[in-house]
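This report concerns only the one structure given below.
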Amino acid sequence: MLTCPAAEMVDGSKLLYLEQAFWRTPQKPFRQRFYMVKPCPKELKCDVEVSSYAIREVEEYKNFCDRPRDQRPLPEEVIGDIGEHLTTIHLRRCDRGKRCLYEGSTPPGGFPNSWNGATYSTSELAVLKNNEIHTWDRGFDDDGNQVWGVKAGPYEFKPAPSSSYSDMFSPLNFPPQQFFEKRIEGSFVLQE
């Protein structure tokens, strides 16, 4: 999983580009998304809101994070390529003594999803103190049966040992009390 800053919105929200690929074929991502990250609205009991969006011109973004900035789409083009809203996860700062920094999930009932027989999907996300990111996406049918996604637990993304990528959330520039207290360094590799 690679993530890097893509644009800043007028309201100060940060737009990140994320792609996932198998380690043997990093140049061929199987998932590409934009993630809009911002502080939660005051009326919600959370600290950070992360919304995922499809990308309209997805081919133009392959290996976006690997390219020099002058070979990437311009920020205004990036904003124009924000596609369908997919999910929103509300993260809360973890209590002292836990191994996570932030954790959260989609609201109860998840979000509409029609892939592979699903009618809705749910997502859970945890950002751990050891720089890991755990994510668990699942799809369910009308009867509540899981029709896609891992059943046993989340995917665990661990920092790649020799990464040159900057951290995933530092470009957000939220004050530390309002956002992550610890940097998340590097690209990530999936541990099975």
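The values are calculated or read from the model by the stated rules, or taken from the named source; none is laboratory data. Predicted model only: the values in this text are computed from it and were never measured. Reconstructed Cβ throughout: ideal geometry from the backbone, glycine too, with neighbour counts over all protein chains shown. For the accessible areas, the whole protein counts, side chains as well, though only heavy atoms, and no ligand, DNA or RNA atoms are used. Shrake-Rupley method; radii C 1.70, N 1.55, O 1.52, S 1.80 Å.
Counting only residues that are surrounded by fewer than 16 Cβ atoms within 10 Å (Cβ to Cβ) and either assigned to a loop (DSSP other than H, G, I, E, B) or β-branched (Val, Ile, Thr) (or both), the stretch 137-147 holds 5 of them. On inspection, residue 114 fails the criterion of being in contact with a Lys or Arg (Cβ under 8 Å, 6 or more places away or on another chain) and of a type outside the set (A, V, I, L, M). Give the residue that is modelled with the highest pLDDT, with candidates limited to residues of the stretch 116-129 that are within 24 Å of residue 3 (Cα to Cα) and open to solvent by 50 Å² or more (accessible area, probe 1.4 Å). Among those that are within 24 Å of residue 3 (Cα to Cα) and open to solvent by 50 Å² or more (accessible area, probe 1.4 Å), it is 124.
Is there a residue in the stretch 41-53 that is more than 16 Å from the chain's Cα centre (by Cα), under 24 Å from residue 101 (Cα atoms) and hydrophobic (A, V, I, L, M, F, W, C)? Yes.
Table: residues versus (1) outside any loop (DSSP other than H, G, I, E, B); (2) surrounded by fewer than 16 Cβ atoms within 10 Å (Cβ to Cβ); (3) of a type in the set (Gly, Ala, Ser).
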| residue | (1), (2), (3) |
| --- | --- |
| 59 | yes, yes, no |
| 103 | yes, no, no |
| 131 | no, no, no |
| 135 | yes, no, no |
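Residues of the stretch 61-71 include none that is open to solvent by less than 20 Å² (accessible area, probe 1.4 Å), assigned to a strand (DSSP E or B) and either free of Cβ contacts under 8 Å to residues at least 60 places away in the same chain or in contact with a helix residue (DSSP H, G or I) (Cβ under 8 Å, 6 or more places away or on another chain) (or both).
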